[in-house]
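In what follows, a structure is listed as structure tokens, so that the remarks can point back to it.
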Amino acid sequence: MTSQSTLQSVPALGTRPASGSNPSRAETREQLAKASYDLLVIGGGILGISTAWHAAQSGLRVALVDSGDFAGATSSASSKLLHGGLRYLQTGAVKLVAENHFERRAVSRQVAPHLANPLTFYLPVYKGGPHGAAKLGAGVFAYSALSAFGDGVGHLLGPSKAARDVPELRTENLKAVAVYGDDQMNDARMALMTVRAAVEAGAVVLNHAEVTGLRFTKGRVTGAELRDRQSGDEFGVSARLVLNATGPWVDHLRRMEDPNAAPSIRLSKGAHLVLKRTSPWKAALATPIDKYRITFALPWEDMLLLGTTDEEFEGDPADVAVTEKDTAQILDEAAFSIRDQQLDRDLITYAFAGLRVLPGGPGDTAKAKRETVVTEGKGGMLSVAGGKWTTFRHIGRTVMQKLEALPGHPLGDDFEPISSLPKKLPLPGVANPRAVAHRLLVDHPAPGPRMAADTARHLATHYGSLAFDIARMANDDPELAQRVHPDAPEIWAQVVYARDNEWAETTDDVLRRRTTLTIRGLATDDIRAKVQDLLDKK
């Protein structure tokens, strides 16, 4: 627990806004209401964010709104992977895997090397399992070949070496381990940096702004009516074109355009558990459950991430939650390859569930294609749904290409075609995270205290070079250099930075998506109260 003296000192912090802070909500509402936009994107998940980023880069006047927080639903409830999709090889989708690998490498090496990190995967082959060692060995070799062997050559490994890297690996009846490479990320942080990139390119954004109705001009959708869920203020936004990127709510918005709109999607629920680790892991586990499904055990944020489930979901997307059935299934499936002591329920710090948006149709959701679907409604509103986190850049560019190709040039002619823009635009803060962490450790003002090594690593891998802005805040005010909780790397300067520079409006915005306090099980009532005090000072 955080000491009482530390907590008592916090309410006095953060009264001076950080330099270059975001405009106030009132200023943003006024800007949205007064201007006319080329494109209004409704939905601040990664699909909407990526499209807004690319549209702004093309020179369009772009507005982006979301009824909750940016990446507040599906986009922060993923398995945190940037991956080619090993299981797609089984269906012969070689081209898809190659395209996914291209995007994965682009993000992890050029676009956001500060937010992605390579991760070695071990795929255990047990006696009586759904796949044989020879088949999996050939599969991981082909998988690495489709990535031009940029992550090494996929191969088979003996059980003893694998057990040294993953101490909790079950070795009974373990015949071999297939090895391959992918990348992982903090999805909420990646989404926030993409929002920031969109804003730096000229987009105007507002979270916690709910669409209450659509605007029509001669039967065409030309904007939306909104309500600020923080203040209650109502306002509207006018735009030449409206893009519905609301994820699980895409059909809800389509029915605002056309009450008779037929369902276009179906939803699949994916649940995950976060646990404390009982020992260090040097690799992740991807364990085959059956012919099609794999369960993951991923070292992530100094914790262990387990999942995921895949079952059809019906009902209000806002009600999605992890059930006891989900928890039991995840732990039971993890037990195929992980020893019992790492699966003790007392180690669980957090559980979360998200909804995959899949094209409508029959069949098992686990076998459905994770493709992106773009449709045009009766009133000219475009709706985009589906896709994978790994291809978020590609999806943004693809949607822009579809907008450009619309008849009648609804976007006008004063924009740069997406094909003429650089293909690997970096996200803000792009830098070598090791170099950033090193500088954070060695560059400190005397007699100021040296930053803790875990805090330096955390800042470097979640903010890149923007970590220096947070370090300056901590240097200027030693109280902001204190940890939020002794068992987490975050410092109070990050809370102020989230408030002033990252559109954080609620305690969950800060503790769940701008920091890792919630997933670590450390978002205590005392900490929530102090974070709220800081938010109230904006």
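The values are calculated or read from the model by the stated rules, or taken from the named source; none is laboratory data. Every value quoted in this text rests on a predicted model; they were computed, and no experiment measured them. Cβ: placed from backbone, ideal geometry, glycine included. Neighbour counts: every protein chain shown. Keep in mind that these areas ignore ligands, DNA and RNA; they rest on the heavy atoms of the full protein, side chains included. Shrake-Rupley method; radii C 1.70, N 1.55, O 1.52, S 1.80 Å.
Key figures for this structure:
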{"quantity": "Under 10 Å, Cβ to Cβ, from residue 383 - net charge with Lys/Arg +1 and Asp/Glu -1", "calculated": "-2"}
{"quantity": "Note, ³J(HN,Hα) from phi for segment 166-178, Karplus 6.51, -1.76, 1.60, rounded to Hz, x at Gly and Pro", "calculated": "10, x, 8, 5, 6, 10, 5, 6, 7, 8, 6, 10, 8"}
{"quantity": "Distance in nm between pseudo-label sites at residue 277 and residue 127 (7 Å out along the Cβ direction from Cα)", "calculated": "3.1"}
{"quantity": "Area accessible to solvent at residue 227, 1.4 Å probe radius, in Å²", "calculated": "80"}
{"quantity": "Cα centroid of segment 259-338 to Cα centroid of segment 463-538, whole Å", "calculated": "28"}
{"quantity": "Carbon plus sulfur fraction of accessible area for the chain, probe 1.4 Å, in percent", "calculated": "51"}
{"quantity": "Model label zone, residue 216; criterion: amide N under 14 Å from point 7 Å along Cα-to-beta-carbon; scope segment 246-260", "calculated": "254-260"}
{"quantity": "Förster radius 30 Å - calculated FRET efficiency between residue 414 and residue 21 (Cβ-Cβ, nearest 0.05)", "calculated": "0.50"}
{"quantity": "Sequence of 28, 212 when ordered by accessible area, the most exposed leading, probe 1.4 angstrom", "calculated": "212, 28"}
{"quantity": "For peptides 515-528, 84-97, sequence by mean Cβ density within 10 Å, most packed first", "calculated": "515-528, 84-97"}
{"quantity": "Karplus (6.51, -1.76, 1.60) ³J(HN,Hα), θ = phi - 60°, over segment 84-97, in Hz, Gly and Pro reported as x", "calculated": "x, x, 3, 5, 5, 4, 5, 9, x, 7, 5, 4, 4, 5"}
{"quantity": "Stretchable slack from residue 340 to residue 434, in nm (0.36 nm times residue separation minus alpha-carbon distance)", "calculated": "30.4 nm"}
{"quantity": "Gain on full stretching of the segment that runs from residue 149 to residue 109 - 0.36 nm per residue minus C-alpha separation", "calculated": "12.9 nm"}
{"quantity": "Size of electric dipole in the chain: Cβ of Lys, Arg +1 and of Asp, Glu -1, about Cα centre, debye, nearest 20", "calculated": "1500"}
{"quantity": "For the chain, calculated [θ]222 nm from helices alone, where every DSSP H run of n ≥ 4 adds -39500 (n - 2.57)", "calculated": "-9000 deg cm²/dmol"}
{"quantity": "Sum of side-chain charges, residue 459 neighbourhood, beta-carbon under 13 Å (Lys, Arg +1; Asp, Glu -1)", "calculated": "+3"}
{"quantity": "Å² of accessible area per residue within the chain, as computed with a 1.4 Å probe and no ligands counted", "calculated": "40"}
{"quantity": "Theoretical gain in end-to-end length, residue 323 to residue 401 [0.36 nm per residue, Cα-Cα removed]", "calculated": "24.0 nm"}
{"quantity": "Cβ-based charge dipole, the chain, positive-most Cα from 327, 108, 202", "calculated": "108"}
{"quantity": "Global geometry of segment 31-80, whether rounded, prolate or oblate, following the gyration tensor of its Cα atoms and the 1.5 cut on a/c", "calculated": "oblate"}
{"quantity": "For segment 312-462: rounded, prolate or oblate by the Cα gyration tensor [a/c cutoff 1.5]", "calculated": "oblate"}
{"quantity": "Anisotropy class of segment 205-273 from Cα gyration tensor, a/c 1.5 cut", "calculated": "oblate"}
